[in-house]
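The values are calculated or read from the model by the stated rules, or taken from the named source; none is laboratory data. Note that the structure is predicted; figures quoted are calculated from it, not measured. Methodologically, a virtual Cβ is constructed for each residue, glycine included, from the backbone with ideal geometry; neighbour enumeration extends over all protein chains shown. SASA here: full protein model, heavy atoms, side chains in, ligands and nucleic acids out. Shrake-Rupley method; radii C 1.70, N 1.55, O 1.52, S 1.80 Å.
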Amino acid sequence: MSDFGFLNTHRTWEDWCGMLLGALIAASPWFPIQDRAGITTGHETMVLNTVAIGLVVFGLSQLEYVALQRWQEVATILVGLWLIVSPYVLGYSGEGFLRVYHTGLGAAAVLLGVLQLWQDWDMSDQDMLKHGQ
């Protein structure tokens, strides 16, 4: 039986992965293999929403790296869920690959937030302050 003990502790590489994920989310409207005309005309709201979500995920991951708090993981989960539903709410669900990108990246943000929240659930405030040291 394999040992999954490394998943029991919140490690700084997870915060770095969250920062990378935020950067990928912010850059996702310009990923290749999608319709460029749909992005440039009439989808300013989608681009602003996506860049804002990416910056929030990036910023929350930086905050977790510096000073770990449980609300940061909850916020990451909520923002990831918003990224999953935003193609349907903002009306660009017919964009194909962009919908797939945002669903996948949002799911990754939710999974990362759930993993980190699970790891930090039983930690005391003093233990959370020692994160990254």
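Overview of results
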item: Residue in region 55-65 that is at pLDDT 90 or above and surrounded by fewer than 18 Cβ atoms within 10 Å (Cβ to Cβ) present; result: yes
item: Hits in region 88-100 (condition: surrounded by 22 or more Cβ atoms within 10 Å (Cβ to Cβ) and either part of a helix (DSSP H, G or I) or in contact with an Asp or Glu (Cβ under 7 Å, 6 or more places away or on another chain) (or both)); result: 98
item: Qualifying residue in region 68-86 (condition: modelled with pLDDT of 80 or more, open to solvent by less than 20 Å² (accessible area, probe 1.4 Å), under 9 Å from the mean Cα position of the chain (by Cα) and hydrophobic (A, V, I, L, M, F, W, C)); result: yes
